1. Give 135, 97 a once-over and let me know the one that is among the aliphatic types (A, V, I, L, M) and within 13 Å of the chain's Cα centre (by Cα).
2. Suppose the filter is touching a residue at least 24 places away in the same chain (Cβ under 8 Å), part of a strand (DSSP E or B) and over 13 Å from residue 46 (Cα atoms); does residue 108 pass it?
3. Which condition from (1) assigned to a loop (DSSP other than H, G, I, E, B); (2) of a type in the set (A, V, I, L, M); (3) within 21 Å of residue 137 (Cβ to Cβ) is the one that residue 61 breaks?
4. Check region 19-28 and report whether any residue there is within 20 Å of residue 135 (Cβ to Cβ), at pLDDT 90 or above and buried (at least 19 other Cβ atoms within 10 Å of the Cβ).
5. Among the residues of region 76-86, is there at least one that is buried (at least 20 other Cβ atoms within 10 Å of the Cβ), part of a strand (DSSP E or B), modelled with pLDDT under 95 and in contact with a helix residue (DSSP H, G or I) (Cβ under 6 Å, 6 or more places away or on another chain)?
6. Of all the residues that make up region 42-58, how many are buried (at least 16 other Cβ atoms within 10 Å of the Cβ) and either β-branched (Val, Ile, Thr) or in contact with a His (Cβ under 9 Å, 6 or more places away or on another chain) (or both)?
7. Within region 46-53, is even one residue assigned to a loop (DSSP other than H, G, I, E, B), at negative phi, modelled with pLDDT under 60 and not polar (S, T, N, Q)?
8. If the requirement is being in contact with a strand residue (DSSP E or B) (Cβ under 8 Å, 6 or more places away or on another chain), modelled with pLDDT of 95 or more and surrounded by 13 or more Cβ atoms within 10 Å (Cβ to Cβ), which of these qualifies: 97, 109?
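The values are calculated or read from the model by the stated rules, or taken from the named source; none is laboratory data. The shown structure was predicted, so the numbers you read here are calculated from the model rather than taken from an experiment. For neighbour counting, all protein chains shown are included, and Cβ atoms are generated from backbone atoms with ideal geometry for every residue, glycine included.
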Amino acid sequence: MTPPETPKDGPANQGSASPAVSVRLEVMKKRSDFLAASRARKQGTKAMMVQARKRRDTEDVDPLAIRIGFTCSKKVGNAVARNRAKRRMREVARLMLPELGKPGWDYVLIGRKDETDQRDFVTLQGDLRYALRKLHDS
């Protein structure tokens, strides 16, 4: 699949390749991956809880990939509120993790009641930046 920013036609496209993506984000789907992350490092912020763990070399996952998972319990609200919170966390992770996340790590973002879906987006980015810095410094 060709990235949307790839030029379609014209002299700029002749002999040029698609822009390189240095970090690959994968979404975690297995419960066992979420449980493994829950036993690792945690850092809470006002808007979310971030869990992070360094994967073992023996795991059958690309060692350069950054894996990310998102969850919100029913405490966050009804399905509309949970989905809104997860959409916001997905967007923050898409923007921040390629530069602040480390390859070979799994991250789980957990939404908080009345905070994740209401918080200013720039502040939400700052919360994730703070949590990642704390997790990787320890």
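1. After applying the criteria, what remains is 97.
2. yes
3. Only one criterion is unmet by residue 61, namely (3).
4. Yes, that holds for at least one residue.
5. no
6. 3
7. Checked region 46-53: no residue is assigned to a loop (DSSP other than H, G, I, E, B), at negative phi, modelled with pLDDT under 60 and not polar (S, T, N, Q).
8. 109
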